[in-house]
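Coordinate-derived values only; no laboratory data. Only a predicted model underlies this, so the values are computations on that prediction, with no experimental measurement involved. As a convention, Cβ positions derive from the backbone with ideal geometry for all residues, glycine included, and neighbour counts pool all protein chains shown.
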Amino acid sequence: METKYLFAGAGILLVLIYAFGSGIWVSSSPGWYSSLNRPPWQPPSYIFGIIWPYNFMVLGIASYQVSLSLTKFENILWLVFFGLSVAAALTWAYQFYVPHNLTLAPIALTLCALLTLPVLYLTFKATLLMGLLLIPYQIWVAIAASLAWGYSTRN
């Protein structure tokens, strides 16, 4: 099998781990979450139901497109930064929803937002269209990080 397809498969696997892992932890404590004081800039709940499927779909497609367009070294960099950003996002989901650690959770999500910047850069380098389609994900993780800090300071 060609290396580029292995990179694509690894990226898509990371997206699946991200989607299922965060889904498990986010749904683990709904009563606790609804009792929190929300930041005033939190979007309505239906936005979450729109943006996350979009983000996961675009990340999966980007994984494939990037693997075809970047060099081997750039593909490795993309996967490393994406993998680290997924690990940070899953750390947020676990820390926020399981032990309710409102100190570590926003740090993890801020790290996720920062680690996503090189992913976005390399995606733009690979394909302008996928880079543009990935901008909402970058904006969303930045908003989510600000919300995590908002929850941290209000609860």
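Some notes on this structure:
- Reported label for calculated Kirkwood radius over Cα pairs in Å given (1) 18.1; (2) 16.3; (3) 15.9: (3)
- Helical contribution to [θ] at 222 nm, DSSP H n ≥ 4, -39,500 (n - 2.57), averaged over the chain, rounded to 500: -29000 deg cm²/dmol
- Computed from the Cβ-Cβ distance with R0 of 25 Å, the FRET efficiency linking Leu129 to Glu74 stands at 0.90.
- Annotation: extensible slack from Phe48 through Ile24 equals 7.1 nm (criterion: 0.36 nm per residue apart, minus Cα-Cα distance).
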